[in-house]
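Engineer: Please see the structure below; I have some questions.
Read-outs throughout are calculated quantities, based only on the coordinates presented, and are distinct from any laboratory measurement. All of these numbers come straight from a predicted model, not from anything done at the bench. So basically every Cβ, Gly included, is an ideal-geometry build from the backbone, and we count neighbours across all protein chains shown.
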Amino acid sequence: MHLPTLALLASTALTLAQPDCTRADHYKPGSTAIYMPFRGNSIECELGYGNNSNAVKALQEQINLCYGRYLAAKLAVDGDFGSKTREAVRIVQGRVGAGVDGRYGPETRGLMNWGVYFNGNPSDVVCKRLRDWA
Ligand SMILES: *[C@@H]1O[C@H](CO)[C@@H](O)[C@H](O)[C@H]1NC(C)=O
């Protein structure tokens with residue numbers, strides 16, 4: 001077996017390691033609160049084509065906030081992870097240097113920007129990676 005095959009197998013195993021996100025909540029890495037996909041009390045979860053939940057709504061809202069200008073049209077925040085959401089995730093992944101597979105998981109979560117409204121003003125959004133919010 002060639003080394004690149006081993007590396008691919010390892011990264012596939014990592015992306016399969018987390019359960020599906022099922023709900024949305026506020027994650028508090030520092031003094032701020034970021035609306036994100038959750039499973040239970042954890043952000044360690046994944047989303048993909050066919051999922052339908054408030055977790056998907058949170059992802060769609062975040063993609064619109066921080067990446068809407070790169071989409072042909074903003075996503076409907078309807079909780080349905082269909083082909084438009086999958087394509088939007090691919091666009092985000094391409095921009096942030098994540099593997100482009102159209103699924104939301106640990107790598108994409110860590111590399112993408114997450115938006116927070118300041119002063120409750122929708123035009124005043126700051127987008128940063130999770131580690132930079134901490
Ligand atoms: C997410 O979608 C996959 C594929 O359709 C499905 O197997 C899984 O049950 C869904 N998860 C949830 C939490 O709905």
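Engineer: Under 17 Å between alpha carbons, and skipping anything fewer than 8 positions from Lys28 in its own chain: which lysines qualify?
Structural biologist: Straight-line reach from Lys28, under 17 Å: Lys128.
Engineer: Is it possible to state the helix-based mean residue ellipticity at 222 nm for the chain, with each DSSP H run of 4+ residues giving -39500 (n - 2.57), the sum divided by total residues, to the nearest 500 deg cm²/dmol? What is it?
Structural biologist: After summing the helix terms and dividing by the residues of the chain, the value is -11000 deg cm²/dmol.
Engineer: Apply the a/c threshold of 1.5 to the C-alpha gyration tensor of segment 31-126 and tell me whether it is rounded, prolate or oblate.
Structural biologist: In terms of gyration-tensor shape, rounded.
Engineer: Just report the Cα centroid separation between segment 104-134 and segment 70-96, whole Å.
Structural biologist: Their Cα centres are 16 Å away from one another.
Engineer: Check each of the chymotrypsin sites (Phe, Trp or Tyr not before Pro) in segment 37-88 and keep only those in coil by DSSP with at most 16 other C-beta atoms within 10 angstrom; list them in order.
Structural biologist: Filter output for segment 37-88: Tyr49.
Engineer: How big is Rg to Rh over segment 51-98, alpha-carbon atoms, Rh as the Kirkwood inverse-mean-distance radius?
Structural biologist: 0.93
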